[in-house]
Amino acid sequence: MAAQSPPYQEPAPHEIAAYAHSIWESEGRPEGREISHWFQAKAHLIAARKLEAGMIKAHGKKAPTGGTERNRAGNDGRKQQPRSTSGKKQEQTLTQTAG
């Protein structure tokens with residue numbers, strides 16, 4: 001019999017704060033990024049706990065329903081090439097970068 005996954009539990013504010021602090025330190029302690037680090041930490045902790053609880057699948061696993069790369073790309077499975085822009089727009093871009 002397989003081991004049962006732990007139930008999902010929302011991360012506590014002190015856990016988010018500790019993880020946000022480690023992100024802040026790993027990025028060289030930049031000023032003014034507190035909110036960004038908080039939300040980044042919260043999202044990471046939630047995703048990790050949902051993964052542990054079996055609520056989501058890890059990257060590289062088969063998608064649960066449709067929407068695979070092959071389906072999005074078309075019938076032959078090749079990725080679609082981006083559409084080219086008009087010659088005038090390309091010319092403006094070249095002029096701006098050269099000038």
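The values are calculated or read from the model by the stated rules, or taken from the named source; none is laboratory data. Keep in mind that this is a model prediction, so the values were computed, not measured. Quick reminder, even Gly has a Cβ in these numbers, built from the backbone with ideal geometry, and neighbours come from all protein chains shown.
Summary of values
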read-out	value
Among (1) outside any helix (DSSP H, G or I); (2) modelled with pLDDT under 95, the one test that Gly32 misses	(2)
Filter result for the condition that a residue is surrounded by 10 or more Cβ atoms within 10 Å (Cβ to Cβ) and within 16 Å of the chain's Cα centre (by Cα), over Ala41, Ala12	Ala41
